[in-house]
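Below is one structure, written out as structure tokens; comments come after it.
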Amino acid sequence: MTRPEDAESISDVVSDVVSDASGERLAAARTIGVGAPVLAFDVGGTDIKSALFDAEGTALGLRRTPTPVADGDRTEVLIERLGALAAELQADHPGVVPQAVGLVVPGIVDADAGLGVFASNLGWHDSPLRDLASAKLGLPVAFDHDVRAASWAEHRLGGARAYSNSVVLVIGTGIAGALLVGGEPYTAGGYAGEIGHSPIADGPVCACGARGCLEAVASAGAIARRYREATGTQPDGAKDVIARAAAGDRIASEIWNSALDALTLSLAQLTAVVAPEAIVIGGGLSRAGGALFDELRARLAERLSFHRLPELVPAELSGNAGILGAALRARELA
């Protein structure tokens with residue numbers, strides 16, 4: 001197990017990240033209920049959420065710190081950072097002894113093999129993250145994809161808890177998704193759920209290299225980028241573009257409508273193929289409220305015929321869904 005003296009007072013070295021790229025501030029995490037104490041880490045391209053969950057399921061020492069930067073593959077610096085964060089959490093809460101660790105990361109993830117198959121923003125290819133983290137922390141590690149873990153938390157604790165068959169869609173800087181079938185995540189070796197990279201048009205070119213991906217048209221990041229490219233004006237994120245559209249800005253309206261049409265097409269395809277009972281939508285764009293949900297409900301109903309329309313449900317766990325999912329997965333090993 002990581003020793004407290006290994007922490008080297010990381011709080012004195014690494015500053016907390018106050019808010020994420022969408023402007024969301026870190027909020028208190030929902031309890032995960034009674035069970036074994038566990039450590040949990042939700043790793044993103046820019047920041048890491050970390051916490052120690054006690055036997056009552058309360059997140060102790062929840063914080064968000066920058067993801068360490070390195071040229072190329074960031075595996076080594078990440079594992080070192082996880083060790084330091086774990087040591088600090090254990091030093092701050094010596095009466096809580098973790099029995100397992102939950103680690104979730106972005107990209108293509110093979111949870112069964114414990115591999116980070118690919119993550120363009122973190123530079124790894126087939127990185128044995130689970131085994132490296134277990135060796136560093138001296139504990140068994142439950143390893144998973146960040147959005148898949150978030151969907152599991154939404155299923156157990158949040159907006160998807162009433163639905164055994166659902167899709168969780170996170171619309172922020174990019175678009176990520178996860179499928180729950182019969183109450184269990186459907187993974188296909190880590191390749192399932194790439195809804196943001198499903199093609200909905202012939203263009204534009206996506207950062208992944210494909211053309212016409214949903215993410216390149218309808219993510220919050222794409223909406224802001226497209227408005228800037230069309231007008232030369234830098235908006236204050238997608239929410240600003242939506243507000244401009246509501247105020248009568250023609251270009252903003254065209255961009256927002258095309259994003260809604262793209263999302264509707266993608267949701268219609270999911271409805272026809274998977275027939276989920278619910279589609280749970282989170283991420284920064286979900287805070288658009290009725291401008292998003294009411295429009296999608298109406299457009300989806302117009303587009304489909306005999307299909308069972310899914311409930312469109314706001315995610316409930318906000319930015320903490322990933323770390324809650326990591327903690328729940330860790331409990332399964334403890």
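The values are calculated or read from the model by the stated rules, or taken from the named source; none is laboratory data. Quantities reported herein were computed from a predicted structural model and do not represent experimental measurements. Cβ atoms come from the backbone with ideal geometry, glycine included; neighbour counts cover every protein chain shown. Just so you know, the surface numbers come from the protein's heavy atoms only, side chains and all, with ligands and any DNA or RNA stripped out. Shrake-Rupley method; radii C 1.70, N 1.55, O 1.52, S 1.80 Å.
Stretched out straight at 0.36 nm per residue, the stretch from D202 to D131 would grow longer than its current Cα-Cα span by 21.5 nm.
Highest GNM mean-square fluctuation among A70, A262, A224, for the chain modelled with Cα contacts below 10 Å: A70. Per-residue Karplus couplings for region 169-175, computed as 6.51 cos²θ - 1.76 cosθ + 1.60 with θ equal to phi - 60°, are listed in order as 10, 10, 10, x, 4, x, 10 Hz, Gly and Pro entered as x.
The DSSP beta bridges internal to the chain are antiparallel in roughly 60% of cases.
Ligands, DNA and RNA left out, the accessible area of the chain computed with a 1.4 Å probe is 51% carbon and sulfur. Summarising the label geometry, the points placed 7 Å from Cα in the beta-carbon direction at D294 and V181 lie 3.6 nm from one another. With protein chains left intact and a 1.4 Å probe, residues in the chain average 42 Å² of accessible area per residue. In order along region 104-121, the Karplus-derived 3J(HN,Hα) couplings, from 6.51 cos²θ - 1.76 cosθ + 1.60 at θ = phi - 60°, round to 10, 9, x, x, 8, 10, 9, 5, 5, 8, x, 10, x, 5, 7, 8, 4, 7 Hz, and Gly and Pro are given as x.
Full extension of the segment from A246 to A55, taken as 0.36 nm per residue of separation minus the current Cα-Cα distance, would add 64.0 nm. P(r) for region 127-278, from all Cα pairs and a bin width of 10 Å, is 11, 32, 30, 20, 6, 1 %, short bins first.
Whole-Hz Karplus values for region 194-200 come out as 7, 5, x, 10, 7, x, 10 Hz, taken residue by residue from phi with 6.51 cos²θ - 1.76 cosθ + 1.60 and θ = phi - 60°; glycine and proline positions read x.
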